[in-house]
Amino acid sequence: IKLARKWGRLKRKGAWQIITFDHSFHGRTLATMSASGKPGWDTLYAPQVPGFPKAELNDLASVEALICPETVAVMLEPVQGEGGVIPADPAFLKGLRELTQKHDILLIVDEVQSGMGRTGRLFAHQHAGIEPDIMTLGKGIGGGVPLAALMATESVSCFEPGDQGGTYNGNPLISAVGVAVMRRVSSAGFMEAVVARGEYLSRRLNELSQAHGLRGERGVGLLRALVLDRDRGPDLVKAALNAAPTGLLLNAPRPNLLRFMPSLTVSEAEIDQMIEMLDGLLKA
């Protein structure tokens with residue numbers, strides 16, 4: 001957000017607004033909560049930080065309708081995780097890239113949840129064959145330790161020393177972990193295995209859905225959701241956590257679905273074990 005606004009001041013006569021999307025999630029600072037389209041967040045710590053008009057995901061016309069002289073960028077997740085594991089269509093992403101270039105504004109891709117191999121490509125936007133101007137990374141890049149990164153094309157990278165910093169920025173130990181993670185996910189056969197496990201998880205979730213009369217599954221790679229028949233996601237999460245003899249860690253970002261983000265090294269046997277436990281919970 002800071003980089004885009006500085007670029008807007010230097011290159012776009014002070015343009016500062018960033019178009020984001022309904023049901024999106026971009027963080028927990030006041031600015032990133034304001035950028036997010038998560039229901040209820042508009043009043044939680046009101047007033048919101050201005051400058052984040054909301055469009056509809058996969059609706060290019062809704063984005064174009066919001067573009068004005070004050071617009072500096074469009075920001076989105078290639079797969080809305082907190083919004084219910086809703087992928088952006090490749091055609092939409094391609095159209096969005098063309099639209100931002102047409103209006104000389106930036107495309108910011110939030111890959112914090114979908115990046116680092118989670119969807120079967122190093123970055124989820126690569127499924128659409130596009131290149132953003134700015135990209136954010138986190139979660140998977142640290143393999144379990146706190147690490148995040150901001151990436152930008154050379155033409156957009158206008159920060160100067162002192163413009164941005166933080167107490168933990170550039171930590172050498174944590175950065176070494178990030179290098180090790182990058183080497184692992186870039187190793188021969190790693191992504192192919194993620195794709196295979198993602199397809200297997202999708203198949204098993206579909207089988208579970210059919211067996212229990214649910215509403216199917218969706219997602220990309222190893223970022224998937226099981227759509228339930230009613231709003232019982234939180235109850236299933238609680239029951240799974242307290243299951244005996246071994247608990248099952250689930251997540252329900254929306255009341256009517258469960259989200260699955262297993263380790264990228266998950267085995268078919270571990271997926272089968274999870275499906276068996278979830279099958280029992282759905283029967284209860």
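Every number here is computed from the coordinates shown, using simple stated rules; none is lab data. Since this is a predicted model, take the numbers as computed values, not measurements. Every residue, glycine among them, receives a Cβ derived from its backbone with ideal geometry; neighbour counts consider all protein chains shown.
Looking at the stretch 35-98, which GluC sites (Glu not before Pro) are DSSP coil and have at most 15 other C-beta atoms within 10 Å of their C-beta?
Sparse-neighbourhood loop GluC sites (Glu not before Pro): Glu56, Glu70.
Which whole-Hz couplings ³J(HN,Hα) result when phi for each residue of the stretch 138-151 is put into the Karplus expression 6.51 cos²θ - 1.76 cosθ + 1.60, θ = phi - 60°, listed in order with x for Gly and Pro?
Result, ordered by residue: x, 6, x, 5, x, x, x, 10, x, 8, 9, 8, 10, 10 Hz.
Among the GluC sites (Glu not before Pro) in the stretch 137-228, which ones are in a DSSP loop with at most 16 other Cβ atoms within 10 Å of the Cβ? Mind listing them?
Glu154
Pulled fully out, how much extra length does the chain show between Lys13 and Ala211, if you take 0.36 nm times their separation in residues and subtract their Cα-Cα distance?
65.5 nm
With r as the distance between the Cβ atoms of Glu131 and Asn251 and R0 = 30 Å, compute the FRET efficiency 1/(1 + (r/R0)^6) and round to 0.05.
0.45
Report, in debye and to the nearest 20, how large the dipole of the chain comes out about its Cα centre when Lys and Arg carry +1 and Asp and Glu carry -1 on their Cβ.
Computed about the Cα centre, the dipole is about 400 debye.
Starting from one equal scatterer on each C-alpha and no solvent at all, send me the Debye-based log10 I(q)/I(0) for the stretch 198-284 at q = 0.18 Å⁻¹, two decimals.
Debye curve over Cα of the stretch 198-284, log10 I(q)/I(0) at q = 0.18 Å⁻¹: -0.71.
Which translational diffusion coefficient, to the nearest whole µm²/s, is obtained for the stretch 209-250 from the Stokes-Einstein equation, given a Kirkwood hydrodynamic radius over C-alpha pairs, 37 °C and 0.692 mPa s?
Translational diffusion coefficient: 285 µm²/s.
Less than 12 Å Cβ to Cβ from Thr153, Lys/Arg counted +1 and Asp/Glu -1: what total charge do the surrounding residues give?
Within the 12 Å Cβ shell, the charges total -3.
Below 8 Å between Cα atoms, with a sequence gap of 6+, how large is the relative contact order for the chain in percent?
14 percent.
Could you state the orientation-averaged shadow area of the convex hull built on the Cα atoms of the stretch 2-170, in nm² to one decimal?
Over every viewing direction, the Cα hull of the stretch 2-170 projects on average to 10.0 nm².
Specify the angular offset, from 0 to 90 degrees and rounded to the nearest 10, of the alpha carbon long axis of helix 190-212 from the longest principal axis of the alpha carbons in the chain.
The helix 190-212 is inclined about 60 degrees to the chain.
Using 7 Å Cα-to-Cβ label points, what is the Arg28/Ser263 separation (nm, one decimal)?
According to this spin-label approximation, the distance is 2.5 nm.
What chymotrypsin sites (Phe, Trp or Tyr not before Pro) in the stretch 1-77 are in a loop by DSSP, with at most 16 other Cβ atoms within 10 Å of the Cβ?
Tyr45
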